[in-house]
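Structure first, then comments.
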Amino acid sequence: MPRDACYFLTFNVVDKIDVFVRPAYKQVITDALNYFISAQGLVVYAWCLMSSHLHLLIRSAAEDTPALFERDFKKYTTPEIIKAIEMEMDFRRGWMMQRFEEFSKSLRRIEKFHLWQNCSSPLRIQCDQPRLLLDQIEHIHENPVREKIVELPESYLFSSARDYVGLKGLVNVKVIQQQGVSRVKMLSAN
């Protein structure tokens, strides 16, 4: 993969199950992103974890493609999330585990549980086009606002929007400098 390529990815949970409603499940994702950043050289420019999906704007390590990252990330997070579900007192536990198991069987997979849908539909963006990157970042950060979870993107803890207003977020993101693009201007573009 060329070093100047970034990718916008969306990882969806099978059947759009609202898995990420408990802190323990969300923590698996933040820990995994930080692991891939520190251990594998992943660069995360933006992220937002919603109840049934994860949006990312990333650049993978030197020769990696987004498909390799996707494979590794899903392989790494699935057993951790399953373990967290089994440990939580979640009244939906049996139902979720059954759905993940049925989905795995329908795909004739070796793994007992299949948490993530297979396709993330990566969108390639040149990293040297800051306006396009900022548009994608804004789109990612506005998710919880569009869902009426919060009024301001930076109020949502499980997102990199906090990093873009000078607060420390949960994931070690690389903030793209907005070079003259003001917050007011970005918000009025909606």
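One table, with the values for the structure above:
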{"quantity": "Reported label for calculated Rg and Dmax of the Cα atoms in Å given (1) 15.2, 45; (2) 18.3, 71; (3) 16.8, 52", "calculated": "(3)"}
{"quantity": "Theoretical FRET efficiency, 1/(1+(r/R0)^6), r = Cβ-Cβ of residue 87 and residue 131, R0 45 Å, to 0.05", "calculated": "0.55"}
{"quantity": "Distance between modelled label sites at residue 119 and residue 22, nm, 7 Å Cα→Cβ extension", "calculated": "3.2 nm"}
{"quantity": "3J(HN,Hα) from dihedral phi, the stretch 71-79, Karplus parametrisation 6.51/-1.76/1.60, rounded to Hz, x for glycine, proline", "calculated": "4, 5, 5, 5, 5, 6, 7, 4, x"}
{"quantity": "Paramagnetic reach from residue 139 in the stretch 17-47 [backbone N under 16 Å; point 7 Å along Cα→Cβ]", "calculated": "45-47"}
{"quantity": "18 Å reach of a label modelled at residue 172, 7 Å along Cα-to-Cβ, counting backbone N of the stretch 36-53", "calculated": "36-47"}
{"quantity": "Across 26/168; 148/174; 75/112; 16/112; 83/148; 26/174, pairs whose alpha-carbon gap is larger than 23 Å", "calculated": "148/174; 83/148"}
{"quantity": "Helix-only [θ]222 nm of the chain, DSSP H runs n ≥ 4, -39500 (n - 2.57) each, per residue, nearest 500", "calculated": "-12500 deg cm²/dmol"}
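Throughout, read-outs are computed from the coordinates displayed, never taken from laboratory work. The model shown is predicted, which means the values in this text are computed figures rather than measured ones. Virtual Cβ from ideal backbone geometry, glycine too; neighbours counted across all protein chains shown.
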